[in-house]
Amino acid sequence: MSPDPGRPFTVEPWVVREPSLDMASLGVTETVFALSNGHIGLRGNLDEGEPHATPGTYLNSFYERRPLPYAEGGYGYPESGQTIINVTNGKIIRLLVDDEPFDLRYGQLHRHQRVLDLQAGTLTREVRWSSPAGKTVKVRSERLVSLTQRAVAAICYEVEVEQPALIVVQSELVANEQLPTAHGGDPRVEAALHNPLVAEQHRSDPSGATLIHHTRHSGLRVAAAMDHEVRGPEGTKITSESSEDIGRTTVICRLQPGTVLRVVKYLAYGWSSRRSLPAVHDQVRAGLAAARYTGWDGLLDEQRTFLDDFWTTADVEIDGDAELQQAVRVAVFHVLQAGARAERRAIGAKGLTGHGYDGHTFWDTETFCLPVLSHLQPDAAADALRWRQSILPLAQERAQQLGFSGAAFPWRTIRGQECSGYWPAGTAAFHINADIADAVRRHVLITGDTDFEREVGLELLVETARLWRTLGHHDSSGEFRIDGVTGPDEYTAIVDNNVYTNLMAQLNLRYAAEVAARHSRAAARLGVNAEEMASWRDAAKSMRIPFDEVLGVHPQSEGFTHHEVWDFEHTPAEKYPLLLNYPYFDLYRKQVIKQADLVLAMQLRPDAFTPEQMARNFAYYEAVTVRDSSLSACTQAMVAARTGHLDLAYDYLAEAALVDLNNLAGNTDHGVHIASMAGTWNAVVAGFGGMEFDSSGLSFAPQLPPALSKISFGLGWQGRQLRVSITANEAEYHLVSGPPMRLRHHGEPLALADSPVVRPLPEPPFVDPVEQPYGRAPQARHPGG
């Protein structure tokens, strides 16, 4: 299918294809075509490096320190920030044809196609081009970042000619590339990030090179190495050279029509804050040796085998919307890439696909990404939570600095230090503590891994519970209040008793007490006693949850429903997002919501609301939520489905899924929206699939919007693999592997063993339509919308 105007990609079920080069969309294609394994990230730049929007080669948690500018500082403000940096670029392979550089801005481009293959895990490119001198060449390249060999990436580059030509291929490692200005022109920040890598060692050998650098301020050491296998005509010559910031291997041959020059480039990356230069050097050389031992075909086979196994469980099938089908698979693929081999490092809001948000990780990881990974790639989810455990000492120091017990996890960070320079939306957003605790709870329920609960989860739960106990207080009526905080909605900051925060803190406190009692010896080693556990239970039991009796809804926070409603009708479309066009002071005192907040509370704590409250709350908050955050649509999709608004849920699902393929937010060039992609899976599985789970087990309440004829998805549950297929009239539950189990279908108990079980779907209830703010309704996707 041809791409729509303004959309560079065709619609196909298992690939993302750019059928012709779209110079205006380079930033978008570089992001969508990015390959990663959670350790290495390569943006989808052209092999020759130019033209580009943003060159990007990233290593997870490799950063440089930079100053945080303040107009007026204050106690507890972070002194420096952390920014992910573009490390040594090993993607570059330049081509010269009879001394004419292969550059798509010159000569004649006859054909250009790139394809991201979601099943093979590769990015391929095919080009036919004539130089200004009239020599025509065909170039084919294939690129991968290995999901099985963590330190390794590889490129297979092939050249054919239509007329005899002298061919020169220059394969390079390049450090300190010139980048576009990305920090608003602040000279202090730009100075800190200008040429951030200081050369320590360079070496070359006949078929490759190694460069080792360290950062000027953060003191991290990085090594990049390349090696090559070359197959060409007789007389092909290979040489290599290196200098401080460049390693280059040059391949020269006289190529005749009908013959192929094939260069396989192996890359290895490693970094450390502690290892010596020789150790980091040997680490990447070992990675190269393993890659060469495996060979190009072996790497392709390993990649395909890994992904075949992954997709057996993870695939989501959607009948009735080909564009959505493609987008959901792309979303799941990028979530996998972000975390597969992160291995006790953070999962950033952009993964390793771009420089957006400075490469920081937020609460997005625990609330949106980890529930997906716990079902589909549980080792990756466990490692992400082990990373949180590893930064506990820093979170404890931050809590002490702020005058609290326990741990105060950073709002945004790379290595564990708080990097938010805006405290109302950063430091005050303490809900991240409860989000981490909830990710622990969900992971243990999904996997049944009680060893993880004891060894990792317990410490996280204890320290987060201790924060809530000192952050909140009992008032004169005996209720436990948490005042002066910011919930998920960043248009409403520094409020009392944010319902989302209080409900998630309540769950954190309850679960911490439960787990500490279950693992009493381990808890005692952390200083937990019966009195402390009782104080957690008491705070949870008396937690204040505001409710507006007049309107019959929960106010997002104390007094929120008494605020003046934003004048949506007279807000021009070009003034969105509001935070870029209106002062926070005005946003904070009005009823206008950036992203789902109370609605997210209903998604994560459905036990705290009656069906009637959920319906009324959803209708109320739909009318004031403008979705200026990509985190919102997926949550609104899920709760819309849960409250019977199936067409609206479908519209929101498409918005969440297509945010990057269609560049809906206008900033895909900064990197993919990992949380929205993860939320896409959740909107399908927990929204239309109606999945919920707790200590009593797993349940589904499936229902489909009329526009879709079938949805099928898989998931892992406590050592089992399930597949659920939903049509308009029935649902089928299939235990693919693992021991027999029980689940619930619309409340009916079911036993699953060898044979699939089919059950009818109830008629969907009639619901009154809900309205969005003027001009902010999602694009109607359903027929007649």
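Inspect all residues belonging to the stretch 578-586 and state whether any of them is hydroxyl-bearing (Ser, Thr, Tyr) and open to solvent by 30 Å² or more (accessible area, probe 1.4 Å). I'd like the intermediate steps shown before the answer.
Within the stretch 578-586, the subset hydroxyl-bearing (Ser, Thr, Tyr) is 582, 584.
Within this subset, residues satisfying the condition of being open to solvent by 30 Å² or more (accessible area, probe 1.4 Å) are 582, 584.
Yes, because at least one residue in the stretch 578-586 is hydroxyl-bearing (Ser, Thr, Tyr) and open to solvent by 30 Å² or more (accessible area, probe 1.4 Å).
This table checks each residue for (1) open to solvent by 20 Å² or more (accessible area, probe 1.4 Å); (2) within 17 Å of Gly359 (Cα to Cα).
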{"residue": "His52", "(1), (2)": "yes, no"}
{"residue": "Gly56", "(1), (2)": "no, yes"}
{"residue": "Leu59", "(1), (2)": "no, yes"}
{"residue": "Arg65", "(1), (2)": "yes, yes"}
{"residue": "Gly73", "(1), (2)": "yes, no"}
{"residue": "Tyr77", "(1), (2)": "yes, no"}
{"residue": "Gln82", "(1), (2)": "no, yes"}
{"residue": "Ile85", "(1), (2)": "no, yes"}
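When the stretch 7-60 is filtered for residues that are over 30 Å from Trp271 (Cα atoms), touching a residue at least 60 places away in the same chain (Cβ under 8 Å) and part of a loop (DSSP other than H, G, I, E, B), the ones remaining, listed by number, are Arg7, Phe9, Val11, Glu12, Pro13, Trp14, Pro19, Ser20, Leu21. The single condition among (1) open to solvent by 10 Å² or more (accessible area, probe 1.4 Å); (2) of a type in the set (Lys, Arg); (3) outside any loop (DSSP other than H, G, I, E, B) that Arg114 does not satisfy is (1). Has the stretch 558-569 got any residue that is in contact with a helix residue (DSSP H, G or I) (Cβ under 6 Å, 6 or more places away or on another chain) and either under 30 Å from Met691 (Cα atoms) or in contact (Cβ under 8 Å) with a residue 40 or more places away in the chain (or both)? No, the stretch 558-569 has no match at all. Cβ separations smaller than 9 Å between residues 6+ apart or across chains give the following pairs from the stretch 571-583 residues that are in contact (Cβ under 8 Å) with a residue 60 or more places away in the chain to residues that are in a loop (DSSP other than H, G, I, E, B) and acidic (Asp, Glu): Tyr576/Asp628; Leu578/Asp628; Leu579/Glu490; Leu579/Asp628. Against the numbered list (1) assigned to a helix (DSSP H, G or I); (2) open to solvent by less than 10 Å² (accessible area, probe 1.4 Å), Gly426 comes up short only at (1).
Going by what's in this entry, would Leu551 be described as in a helix (DSSP H, G or I) and open to solvent by less than 70 Å² (accessible area, probe 1.4 Å)? Spelling it out, it is not the case that Leu551 is in a helix (DSSP H, G or I) and open to solvent by less than 70 Å² (accessible area, probe 1.4 Å).
Of the residues that make up the stretch 723-733, is at least one surrounded by fewer than 24 Cβ atoms within 10 Å (Cβ to Cβ), more than 24 Å from the chain's Cα centre (by Cα), of a type in the set (Gly, Ala, Ser) and within 24 Å of Phe368 (Cα to Cα)? Yes, the conditions are met somewhere in the stretch 723-733. Where strands (runs of 3 or more DSSP E) sit wholly within the stretch 229-296, those with at least 2 residues that are among the hydroxyl-bearing types (Ser, Thr, Tyr) and more than 18 Å from Leu197 (Cβ to Cβ) occupy 237-242, 246-255. Take the conditions (1) open to solvent by less than 20 Å² (accessible area, probe 1.4 Å); (2) closer than 24 Å to Ala384 by Cα; (3) part of a helix (DSSP H, G or I); Lys350 misses just one of them, which is (3).
Filtering the stretch 440-474 to residues that are without any contact (Cβ under 8 Å) to a residue 12 or more places away in the chain and assigned to a loop (DSSP other than H, G, I, E, B) leaves nothing.
Can you report the number of residues in the stretch 398-421 which are under 21 Å from Thr365 (Cβ atoms) and free of Cβ contacts under 8 Å to residues at least 60 places away in the same chain? Step through it out loud before you land on a result.
Step one: list which residues in the stretch 398-421 are under 21 Å from Thr365 (Cβ atoms), which gives 398-399, 406-421.
Those still in the list that are free of Cβ contacts under 8 Å to residues at least 60 places away in the same chain too: 398, 408-412, 416.
Of the residues in the stretch 398-421, 7 are under 21 Å from Thr365 (Cβ atoms) and free of Cβ contacts under 8 Å to residues at least 60 places away in the same chain.
Residues of the stretch 381-397 being over 19 Å from Gly671 (Cβ atoms), in a helix (DSSP H, G or I) and either without any contact (Cβ under 8 Å) to a residue 12 or more places away in the chain or not polar (S, T, N, Q) (or both), which ones? Scanning the stretch 381-397 gives Ala381, Ala382, Asp383, Leu385, Arg386, Trp387, Arg388, Leu392, Pro393, Leu394, Ala395, Glu397. For first residues located in the stretch 202-227 and more than 30 Å from Arg66 (Cα to Cα), partners that are open to solvent by 10 Å² or more (accessible area, probe 1.4 Å) and among the acidic types (Asp, Glu) and lie 6+ apart or on another chain with Cβ distances below 7 Å form the pairs Ser204/Glu241; Ser207/Asp227; Gly208/Asp227.
Limited to the stretch 745-761, what total is found for residues that are surrounded by fewer than 12 Cβ atoms within 10 Å (Cβ to Cβ) and either touching a Ser or Thr at 6+ places or on another chain (Cβ under 9 Å) or not charged (D, E, K, R) (or both)? Outline the logic, then answer.
Taking the stretch 745-761 first, the residues surrounded by fewer than 12 Cβ atoms within 10 Å (Cβ to Cβ) are 747-749, 751, 753-755, 760.
Those left that are additionally either touching a Ser or Thr at 6+ places or on another chain (Cβ under 9 Å) or not charged (D, E, K, R) (or both): 747, 749, 751, 753, 755, 760.
Number satisfying all stated conditions: 6.
Set side by side, the residues Ser712, Ser699 differ, and just one is over 30 Å from Arg7 (Cβ atoms) and either among the polar types (S, T, N, Q) or at pLDDT 95 or above (or both), which is Ser699. Among the residues of the stretch 642-662, those that are under 27 Å from Glu12 (Cβ atoms), surrounded by 24 or more Cβ atoms within 10 Å (Cβ to Cβ) and not charged (D, E, K, R) comprise Ala649, Tyr650, Tyr652, Leu653, Ala654, Ala656, Ala657, Leu658, Val659.
Test Ala615 against the criterion of being closer than 22 Å to His746 by Cα, part of a helix (DSSP H, G or I), open to solvent by 40 Å² or more (accessible area, probe 1.4 Å) and touching a residue at least 12 places away in the same chain (Cβ under 8 Å), and give yes or no. Answer is yes for this residue. Only one of (1) small (Gly, Ala, Ser); (2) assigned to a helix (DSSP H, G or I); (3) surrounded by fewer than 24 Cβ atoms within 10 Å (Cβ to Cβ) is not met by Ala678, so which one is it? Tallying (1) small (Gly, Ala, Ser); (2) assigned to a helix (DSSP H, G or I); (3) surrounded by fewer than 24 Cβ atoms within 10 Å (Cβ to Cβ), Ala678 fails exactly one: (3).
This table checks each residue for (1) under 12 Å from the mean Cα position of the chain (by Cα); (2) in a helix (DSSP H, G or I); (3) not hydroxyl-bearing (Ser, Thr, Tyr).
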site	(1), (2), (3)
Leu300	no, yes, yes
Gln303	no, yes, yes
Glu317	no, no, yes
Phe333	yes, yes, yes
Arg344	no, no, yes
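Looking across the stretch 565-590, just one residue is among the charged types (D, E, K, R), within 22 Å of Tyr500 (Cβ to Cβ) and not in a loop (DSSP other than H, G, I, E, B), and that is Lys590. Looking only at the stretch 619-636, filter to residues that are in contact with a Leu (Cβ under 9 Å, 6 or more places away or on another chain) and outside any loop (DSSP other than H, G, I, E, B); which one of those is farthest from Trp681 (Cα to Cα)? Result: Tyr620.
The values are calculated or read from the model by the stated rules, or taken from the named source; none is laboratory data. These numbers were taken from a predicted model, which means no experiment stands behind them. Neighbour counts are summed over all protein chains in view; Cβ atoms, including those assigned to glycine, are modelled from backbone coordinates with ideal geometry. Note: accessible area is taken over every heavy atom of the protein model, side chains too, but ligands, DNA and RNA are not part of it. Shrake-Rupley method; radii C 1.70, N 1.55, O 1.52, S 1.80 Å.
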